[in-house]
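For reference, the structure is listed below as structure tokens.
The values are calculated or read from the model by the stated rules, or taken from the named source; none is laboratory data. Quantities reported herein were computed from a predicted structural model and do not represent experimental measurements. Cβ coordinates were reconstructed from backbone atoms using ideal geometry, including for glycine residues, and neighbour counts include every protein chain displayed. Just the protein is used for accessible areas: all its heavy atoms, side chains included, with ligands, DNA and RNA removed. Shrake-Rupley method; radii C 1.70, N 1.55, O 1.52, S 1.80 Å.
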Amino acid sequence: MEKTWRELIEELEARKAHLREGGGKELQEKEHAKGKLTARERIDLLCDPETFEEYDLFATHIGRDYGLDKKELPADGVIIGFGKVNGRGCMVYAEDFTVVAGTFGERHGKKICKIIDMARTYGYPVVGINDSGGARVTEQMGALSQYGQLFYRHIQASGVVPQIALIMGPVAGGQAYSPALMDFIFMVEKTSSMFIAGPPLVEAVVYEKTDEQSLGGPDVHARITGVSDGTWADDRECLAKTRELLSYLPLNNKERPPYLVPEDSPDRRTPELEEIIPTDQKRLYNMRKVIEVIVDRGSFFEIKKEFATNLIVGFARLNGHVVGIVANNPIKYNGALDYNASDKGSRFIRFCDAFNIPLINLQDVPGFLIGTKSEHNGIIRHGAKMLYAYGEATVPKITCVVRKAYAGGYLAMCSKDLGADVVYALPTAEICLMGPQGAVNILFRKEIAASPDPERTRAEREAEFMAKYVNPTYAASLQHVDDIIQPAELRIKLIRALEMTINKVEKSPDRKHGITPV
Amino acid sequence: MGCKVLAPMVGKIVKVKVKVGDKVERDQEIFVMESMKLESSVFSPCSGTIKEIKVSEGDRIEEDDLLAIIE
């Protein structure tokens, strides 16, 4: 006898409900005990309520050996689908640790590849939630090949749609290169880790005793390696921050970033900057405070906050328009650019350029960091990335020289010569090829040596040099600066420059691609 | 308890503002250094008593050099 519709539907729903349980209640509770949410709970928090459409729930694993043919691995340990985040589309995949530790098998890999292909085809960002014990060893070439397929897809989607990786558990082995090929990586305190080989393998092969957190925990990647873009207290905060990050990004490279009707006034003056920025060039200040004052209130979303703290990068809004902020922070290295800051800055600039996000550059830079250590760290090839990234970027580029803008640092923080559309300077700006000390040593060495009072002669020559060359009026007289403005006018002027340049269209030379210094 | 005071960056010690035996508070300025055309302060990372000072005025320093020990 044929089944009735009611019976068919009940069977279907029972089957789906079973598959949605993943590895079952017991294993889900184990995850909760570790402080983690399950893959489905994470998707529910990431997406707007009732918007997630799942695909490939019925996908099965390909394992035939070691008794796996008799085992059921629901959805093959990864959930894929399309949902809405703040009302805008988003492709999602989430590995399910309750299904054989979220291990990456052939079908598992194919599902992730499918969702990234869909993201690229239909023009939506992709958020990947990683929580996996690594490759499923029983599937050998199936897993290895899918890693390759996945990497290839990340590369094809790069610069087409934003790709965000959330590390919410272990990400071990080759799989660590999947987030590395995406645009942003968020990690969760205590429960996340990333390394290409875990502690047991490290001990067996290179005889080093270590643990997951000191090998590749969130602190390591936020402070030392720069792999991570932000550490959050738990899964909930990480997912909320991902929603926030997406609110600054266009869905794809053909769109503009989302405009939000601002609550802050475009005419708000910023006299607080007179308190924050000391006119005494020897006194330090925190550039983060300057950023917070000039952008729409509360809109600054910082990226890589704990890495290379001599450079600040992040998204913000100016009169509702999304901008990327790149700013030297004198708090560390007096704002000098070192190799890590160059990595951090150039990557951020290239992201903004790829996704039509105008750049606001705040300069207080005494130059590239010099000395043996800096040279041996390769400041030449790393520093070149900053120049290249700015020179290559065709989005609006608006610069303000806050205080120091010395030598290569001035160029590497986007001067007119690297294509800045508008350059402002505060009266405290010191723009020059070489600081007065160095210049006077070269120009007046003989005179100082012969002087009855060498220190006085040196001081006089330095003061004269300062007055002549090291001030914004000199730079403005030669059109390197469009205007010299008061601190109180900075927000207003930046907004006006942004709104003037926002429709800028600039074509790069016709070529396959440039050869970015790395 | 106690802590080590490390050089924040390459440069030169311009002034030593404490001597052995001085009591210091956390975030108190204990050295003035110069680097990359700027003078800047080195602050105490903890409260305590200066046990040892490893540098004198005019000394060249590398990032992470030990400048002083506080206990």
With Cα coordinates, the longest principal axis of chain A makes an angle with the long axis of helix A:454-469, in degrees rounded to 10, of 70
On complex formation of A with B, accessible surface lost, both sides summed, probe 1.4 Å, nearest 100 Å², amounts to 1300
By the Kirkwood definition, with r running over pairs of different Cα atoms, region A:1-146 has a hydrodynamic radius in Å of 16.1
What is the distance in Å between the Cα centres of region A:463-481 and region A:380-413?
-> 19
Are any of the pairs A:Lys25/A:Lys111; A:Lys289/B:Lys37; A:Lys110/A:Lys190; A:Lys397/A:Lys507; A:Lys305/A:Lys344 more than 21 Å apart by Cα-Cα distance, and if so, which?
-> A:Lys25/A:Lys111; A:Lys289/B:Lys37; A:Lys110/A:Lys190
In this structure, among A:Lys332/B:Lys12; A:Lys404/B:Lys23; A:Lys404/B:Lys19, pairs with alpha-carbon gaps over 25 Å are A:Lys404/B:Lys23; A:Lys404/B:Lys19
Coarse-grained scattering of region A:372-416 at q = 0.13 Å⁻¹, given as base-10 log I(q)/I(0) from a Debye sum over alpha-carbon atoms = -0.34
Summed residue charge, Cβ within 10 Å of A:Ser247's Cβ, Lys/Arg positive, Asp/Glu negative | +2
Taking the inverse of the average 1/r across all pairs of different Cα atoms in region A:270-329, what Kirkwood radius in Å do you get?
-> 12.2
Round to a whole angstrom and tell me the spacing of the C-alpha centers of region A:73-109 and region A:243-280.
-> 34
Region A:343-442, convex hull of Cα, quarter of hull surface, nm² -> 6.7
Got a number for the accessible area of A:Ser477? Probe 1.4 Å, square angstrom, nearest 10.
-> 80
Over 25 Å (Cα to Cα) among A:Lys84/A:Lys114; A:Lys373/A:Lys446; A:Lys84/A:Lys254; A:Lys114/A:Lys304 -> A:Lys373/A:Lys446; A:Lys114/A:Lys304
Ratio of Rg to Rh over region A:386-485 (Cα coordinates, Kirkwood Rh, two decimals) = 1.10
If you project the alpha carbons of region B:3-70 onto the principal axes, what extent comes out on each, in Å, largest first?
-> 31, 18, 18
Taking the simple approach of a point 7 Å from Cα along Cα-to-Cβ for both B:Val20 and A:Glu29, what is their distance in nm?
-> 6.3
Expressed in nm², what is the orientationally averaged projection area of the convex hull enclosing the Cα positions of region A:210-344?
-> 10.6
Under 15 Å from the Cβ of A:Glu375, count the other residues' Cβ atoms, weight Lys and Arg +1, Asp and Glu -1, and hand me the total.
-> -1
Restrict the search to region A:29-122; then list the trypsin sites (Lys or Arg not before Pro) that DSSP places in a loop and that have at most 16 other Cβ atoms within 10 Å of their Cβ.
-> A:Lys34, A:Arg64, A:Lys71
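Please compute, for peptide B:30-39, the average count of beta-carbon atoms on other protein chains lying within 10 Å of each residue's beta-carbon.
6
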Equivalent ellipsoid semi-axes for region A:136-289, as square roots of 5 times the alpha carbon gyration tensor eigenvalues: give them largest first, rounded to whole Å.
-> 38, 24, 13
For region B:6-46 and region A:319-379, what is the separation of their C-alpha centers, rounded to whole Å?
-> 26
Of the options A:Leu494, A:Met466, A:Thr394, report the single residue whose Cα projects farthest towards the positive end of the charge dipole of the protein assembly as shown (beta-carbon charges: Lys, Arg +1; Asp, Glu -1).
-> A:Met466
Rg ratio (alpha-carbon, reference 2.2 N^0.38 Å) - region A:297-364 = 1.06
Residues of region A:330-349 buried by at least 50 Å² on assembly (accessible area, 1.4 Å probe, chain alone as reference) | A:Tyr333, A:Asn334
When the dipole is taken about the Cα centre of the protein assembly as shown, and only Lys, Arg (+1) and Asp, Glu (-1) are charged at their Cβ, what size is it in debye, to the nearest 20?
-> 1080
A student asked for the Cα radius of gyration and Dmax of chain A in angstrom ought to give 26.7, 116
What does the accessible area of A:His376 come to, in Å² to the nearest 10, when a probe of 1.4 Å is used?
-> 150
Quick calc: nm separation of the 7 Å Cα→Cβ label points for A:Thr516 and A:His376 -> 2.9
Whole-percent carbon and sulfur share, accessible surface of chain A, 1.4 Å = 55
Hits among aspartates and glutamates - C-alpha to C-alpha of A:Lys30 under 17 Å, sequence gap 8 or more where chains match | A:Glu21, A:Glu41, A:Glu95, A:Asp96, A:Asp131, A:Asp234, A:Asp235
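Run the accessible area of region B:3-70 with a 1.4 Å probe and give the carbon-and-sulfur part as a rounded percent.
Working: 1640 of 3470 Å².
Accessible surface attributable to carbon and sulfur in region B:3-70 totals 47 percent.
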Region A:363-516 - charge dipole about Cα centre, Lys and Arg +1 at Cβ, Asp and Glu -1, debye rounded to 20 | 440
Averaged per residue, what accessible surface does the protein assembly as shown expose to a 1.4 Å probe, in Å²?
-> 47
Estimated Rh, region A:438-486: Kirkwood, alpha-carbon pairs, angstrom = 12.2
Could you work out, residue by residue across B:53-64, how many beta carbons of other chains sit within 10 Å of that residue's beta carbon, and then give the average as an integer?
-> 1
Dipole in debye (nearest 20) - region A:27-77, about Cα centre, beta carbon charges: Lys, Arg +1; Asp, Glu -1 | 400
